[in-house]
1. Using only the alpha carbons of the chain, what is the convex hull's orientation-averaged projected area in square nanometres?
2. Which whole-number percentage describes the relative contact order of the chain, with Cα contacts under 8 Å and a sequence gap of 6 or more?
3. If you average the C-alpha positions of the stretch 74-120 and of the stretch 128-154 separately, how far apart do those two centres end up, in angstrom?
4. Which entries of LYS248/LYS434; LYS94/LYS248; LYS314/LYS434 show an alpha-carbon separation above 23 angstrom in the structure shown?
5. Would you mind calculating the relative contact order of the stretch 229-359 from Cα pairs under 8 angstrom and at least 6 residues apart, reporting the percent as a whole number?
6. Taking the Cα-to-Cβ direction at TRP123 and at SER339 and moving 7 Å from each Cα, how far apart do the two end points lie in nm?
7. Using 0.36 nm per residue, how much length does the chain from VAL130 to SER406 gain when fully extended, once their Cα-Cα distance is taken away?
8. For the stretch 302-342, with every protein chain kept in place, what is the accessible area per residue (1.4 Å probe, Å²)?
Amino acid sequence: MSLSHLDPVSLPDSEHQLQLRRAVIASTIGTAIEWYDFFLYSTVTGLVFAKLFFPRSDPWVGTLEAFAIYAVGFIARPIGAAIFGHYGDRIGRKSTLIATLLLMGLATFAVALVPTYDSIGVWGAVILTVLRFVQGVGVGGEWGGSVLMSMEWARNDHSRGLVASWPQFGVPCGLFLANLAVLAFSQMSGEQFLSWGWRVPFALSLILVGVGLYIRLGIMETPVFARLIAERKVERTPMLQVIKEHPKEILLSAFARMAEQAPFYIFTAFVFSYGIGTLHVSRDFLLTAVLAASVLSFVSIPVFGHLSDRIGRKNMYIIGAIVTGVFGFIYFRMLDTGSHPIIFFAIILSLIPHDMMYGPQAALIAESFTGRLRYSGASLGYQLASVIAGGPAPLIAAWLFGTFHSATAIAAYIAVCAVISVVATAAMTDYTGKNISGEYGSSRG
């Protein structure tokens, strides 16, 4: 039967389950491709960009400059959330997700073509900054749509944590693919890695985008949005309306992410410059360790999402934030031993505290907003954290280490982020197991 002849609201159970599986698969694979693009840039920043685009700087200053460009992508993410959140609540989840995938993929492919400082001077860094901004806009609109595409197909109020965690699964998939690609071409290109090897993974993004488009074009719109259209309850200015109706939920969502997002980019991006420059371990060793950590997240993210359906979203999240705050000190103590096995084990363990929050996070945030404003509200709350947490984190970590010459200062920064998250999460409303499919897609109507 053609998808165009099906009504998402009144599907029989068997067809609904089929569409749920398709939506989850499409969201997860598409999100994995988008995060491959975003993490690829993160990985290469610490390995390549300081050397190729800021060669005349002191190594520490060059690293700071490279991570400053890296942070631009995070500053752009709330802008992407505002743009695509608006259209996601106006024209639908599916169409918007196709647009974000195209934008992200084309920008990533273009990074492979950027000339270095030796070729065009400072303009290479300028072009890199513009492309990073475009990447940020694309990924800023991706998360909310992919989570809603899955969660809004769930009929069971007691499984939203697990269902919504699958698009989160795209993060370790993207991290795995990005590190695998860099590791593979690092070994293939050898001493030519800085010359051409780093460019190939960016060029491969074009193929992945084609795969993602094929998958996303074959899914249906969610029942929630279909019902909003049928009942003519689509909001005309969703972004303005959600700021008016849900300012508290937006801010609490952003601050709740501090303990999840800031440490994540320290554990997966800053670790490359710290590992190579301070610990003097090899590039391929670090890539392999982060690769192993991402594989473990394949299991831990859905497990913690499922566990949040049992013990409550807030409880699971607060436990994760506390564990992260403590683990920061343990992590850097393990790294500073200089022992390769201990460093490897520390990196593998680093994503477990993160996953304790990231698994239930999608449902925790998305459930906080009414259906007609959910794409805008969830996207904005989620992506605002990029400005205060994810983007500045590697930059702050590099500055703290350069200033205090001790990783303990970075661990203290992680602990402060954890405290902020615990307070913010405690102030949020927990909708675990509650009906959020009322007149406007929310029990609060």
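The values are calculated or read from the model by the stated rules, or taken from the named source; none is laboratory data. Predicted model, so just to flag it, every value in this text is computed and none were measured. Here the Cβ is made from the backbone with ideal geometry for all residues, glycine too, and neighbour counts use every protein chain on show. In case anyone asks, the SASA skips ligands and DNA or RNA and just uses the protein heavy atoms, side chains included. Shrake-Rupley method; radii C 1.70, N 1.55, O 1.52, S 1.80 Å.
1. Value for the chain: 19.5 nm².
2. 26 percent
3. Centre-to-centre (Cα) distance: 8 Å.
4. On the way: LYS248/LYS434 20 Å; LYS94/LYS248 28 Å; LYS314/LYS434 14 Å.
Violating the 23 Å Cα-Cα cut-off are LYS94/LYS248.
5. Once divided by the residue count of the stretch 229-359, the mean separation gives 34 percent.
6. 5.3 nm
7. So the extension gain works out to 96.0 nm.
8. Details: 1910 Å² over 41 residues.
Ligands and nucleic acids excluded, the result is 47 Å² per residue.
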